[in-house]
Amino acid sequence: MTAPSTKTAKPATGIPALLKTAFINAVIALVLFSLMVGIRTEAGSSGQLTYWTRFGELASLVAAVFGGSIVIELLKQWIGPTGAEKLVPSSVRSGMSFVGRYLAPALLIFTLLVPVIFYNQRYILDLAILVLTYVMLGWGLNVVVGLAGLLDLGYVAFYAVGAYSYALLATNFDWSFWVCLPLAGILAAFWGVLLGFPVLRLRGDYLAIVTLAFGEIIRLVIINWQELTGGPNGVSSIPRPSFFGIPLDNSDNGLAARLGIEYSPTHRIVFLFYLILALALLTNWVTIRLRRLPIGRAWEALREDEVACRALGINTTTTKLTAFATGAMFGGFAGAFFATRQGFISPESFTFQESALVLAIVVLGGMGSQLGVALAALALIGGFELFRSLETYRMLVFGMAMVLIMIWRPRGLIGHRAPTVYLTKAQAISSDLVKEGHG
């Protein structure tokens with residue numbers, strides 16, 4: 001008697017299955033949006049209920065869901081498991097891998113040339129400085145969230161500490177930017193350690209709630225301590241940075257006069273661009289170096305499994321505190337730069353929305369990925385400006401793009417969870433260490 005076949009049926013792929021999935025999603029969207037979008041009700045002048053239809057907008061939404069489902073299924077099959085039918089040609093996949101290999105050097109070269117290419121376009125230079133500021137913030141938070149696996153929702157607190165530290169030291173003691181910059185980082189790192197102690201035994205949602213509360217506490221202290229911080233009025237007349245003591249102005253002692261060139265206000269903007277670029281590259285270099293050190297491997301072990309990390313003899317207290325302090329230090333550097341660039345700071349610049357935006361950059365780019373965070377900052381900050389003409393629909397487009405990317409790449413644009421150190425070949429173990437008596 002022949003045994004029944006036990007072959008596992010492969011999931012349906014190809015154009016028919018793709019269209020079927022898109023049609024089902026479109027029907028679900030039609031049911032969900034029929035009453036929310038298709039029919040609009042409102043109370044009339046005499047109290048009666050009036051309604052009107054908006055079938056055009058409903059059809060547009062259903063069509064968008066249908067088309068979006070097709071795109072998502074194509075992307076899923078593109079990055080699907082080995083052996084699945086690919087609708088994207090192999091030549092395109094090989095081309096994408098080639099581009100990914102040289103993307104980081106190309107972006108760095110282009111970034112260095114931005115002030116040269118767009119010298120006369122102040123708007124693009126200001127936008128580039130803003131993007132680099134968020135790149136630096138994302139790399140700083142990536143140490144805490146991406147490497148150590150500690151969900152921090154109050155990262156804006158260290159950003160604020162760095163900004164107010166520089167502003168108060170520069171305005172009250174007349175210290176230069178280069179003296180206040182390391183002090184701002186040290187003070188932010190100190191507050192990072194203070195935050196780390198109460199949350200040593202917390203993880204997950206409880207850790208997120210405490211860090212969120214810490215960020216709000218710092219903001220409320222800034223608002224209410226008016227004698228020191230100026231309260232809601234903020235701190236104004238913050239000194240601008242100098243080129244190692246040489247002012248970037250139109251005076252006889254200015255940099256332009258000493259170099260014998262015509263003065264232009266763009267000189268200061270270009271200097272600020274290269275300054276934040278240098279700070280961001282320093283953050284990137286330090287993070288990469290730390291990942292290869294024992295403390296960096298301890299962060300990765302803590303991220304993967306805290307219980308196993310303790311079982312290996314790793315001091316989780318020191319590991320967590322160093323992660324918080326390192327990430328906070330980079331946030332303090334970015335805050336000091338923000339203060340000197342703006343010339344004025346107030347509590348409205350350090351709300352929870354900033355923490356959420358930086359965290360979205362880290363998650364979208366891929367936790368632990370330096371290049372992914374940079375690309376996510378460029379997409380989010382630059383994307384806001386790209387869709388500025390859409391006005392009220394800008395946040396809707398932004399949210400839909402985030403959802404689509406999270407479906408396509410759950411681990412971010414460039415997910416990176418590979419260990420920094422691993423064995424390249426098998427190693428024999430001494431026979432004294434194994435029960436069998438041989439290695």
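Close Cβ contacts (under 8 Å, 6 or more residues apart or on different chains) running from residues in region 331-342 that are in contact (Cβ under 8 Å) with a residue 60 or more places away in the chain to residues that are basic (Lys, Arg) and not in a helix (DSSP H, G or I) comprise THR340/ARG240.
Yes/no per residue for (1) closer than 13 Å to THR351 by Cα; (2) of a type in the set (D, E, K, R); (3) free of Cβ contacts under 8 Å to residues at least 40 places away in the same chain:
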| position | (1), (2), (3) |
| --- | --- |
| LEU212 | yes, no, no |
| ILE222 | yes, no, no |
| GLU227 | no, yes, yes |
| SER237 | no, no, no |
| LEU248 | no, no, yes |
| GLY254 | no, no, yes |
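Tell me, which residue of region 100-126 that is of a type in the set (Ser, Thr, Tyr) and part of a helix (DSSP H, G or I) is surrounded by the most Cβ atoms within 10 Å (Cβ to Cβ)? If we take residues in region 100-126 being of a type in the set (Ser, Thr, Tyr) and part of a helix (DSSP H, G or I), then THR111 is surrounded by the most Cβ atoms within 10 Å (Cβ to Cβ). Considering region 127-166, the residues that are aliphatic (A, V, I, L, M) and not in a helix (DSSP H, G or I) include one that is farthest from GLU306 (Cα to Cα), namely LEU153.
Quick check on my filter: what residues within region 26-40 are modelled with pLDDT under 80 and small (Gly, Ala, Ser)?
Restricting attention to region 26-40, the residues satisfying the condition of being modelled with pLDDT under 80 are 32-40.
Selection gives SER34, GLY38.
Per-residue answers, yes or no, for (1) outside any loop (DSSP other than H, G, I, E, B); (2) surrounded by fewer than 17 Cβ atoms within 10 Å (Cβ to Cβ):
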position	(1), (2)
ARG219	yes, no
ARG240	no, yes
SER251	no, yes
ALA257	yes, yes
ILE276	yes, no
ALA280	yes, no
THR287	yes, no
LEU290	yes, no
GLY313	no, yes
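Restricting region 254-308 to residues that are among the β-branched types (Val, Ile, Thr) and within 22 Å of the chain's Cα centre (by Cα), the residue that is nearest to ASN142 (Cα to Cα) is THR287. Pairs linking a residue in region 262-287 that is under 12 Å from ASP249 (Cα atoms) to a residue that is of a type in the set (Gly, Ala, Ser) and open to solvent by less than 30 Å² (accessible area, probe 1.4 Å), with Cβ atoms under 6 Å and 6 or more positions apart or on different chains, are TYR263/ALA256. Selection of first residues in region 348-360 that are within 24 Å of THR229 (Cα to Cα) and of second residues that are buried (at least 18 other Cβ atoms within 10 Å of the Cβ) and charged (D, E, K, R), restricted to Cβ pairs under 6 Å at least 6 apart or on distinct chains, gives the following pairs, ordered by first then second residue: PHE350/ARG219. Would you check if VAL193 is open to solvent by less than 10 Å² (accessible area, probe 1.4 Å) and either under 20 Å from LEU290 (Cβ atoms) or part of a helix (DSSP H, G or I) (or both)? No: the conditions fail for VAL193.
Here's the yes/no breakdown for (1) at pLDDT 80 or above; (2) over 15 Å from PHE337 (Cβ atoms); (3) among the basic types (Lys, Arg):
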| site | (1), (2), (3) |
| --- | --- |
| PRO232 | yes, yes, no |
| PRO241 | yes, no, no |
| PHE244 | no, yes, no |
| GLY254 | no, yes, no |
| SER264 | yes, yes, no |
| TYR274 | yes, no, no |
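Going through region 331-380 one residue at a time, which ones are over 19 Å from LEU150 (Cβ atoms), touching a Lys or Arg at 6+ places or on another chain (Cβ under 9 Å) and among the hydrophobic types (A, V, I, L, M, F, W, C)? The one that is over 19 Å from LEU150 (Cβ atoms), touching a Lys or Arg at 6+ places or on another chain (Cβ under 9 Å) and among the hydrophobic types (A, V, I, L, M, F, W, C): PHE350. Scanning region 375-403 for residues that are in contact with a Gly (Cβ under 7 Å, 6 or more places away or on another chain), at pLDDT 75 or above and open to solvent by 10 Å² or more (accessible area, probe 1.4 Å) gives a single hit, LEU375.
The values are calculated or read from the model by the stated rules, or taken from the named source; none is laboratory data. These numbers come from a predicted model, not from an experiment. We place every Cβ from the backbone using ideal geometry, glycine too, and count neighbours over all the protein chains shown. Protein only, heavy atoms only, side chains kept; ligands, DNA and RNA dropped before computing areas. Shrake-Rupley method; radii C 1.70, N 1.55, O 1.52, S 1.80 Å.
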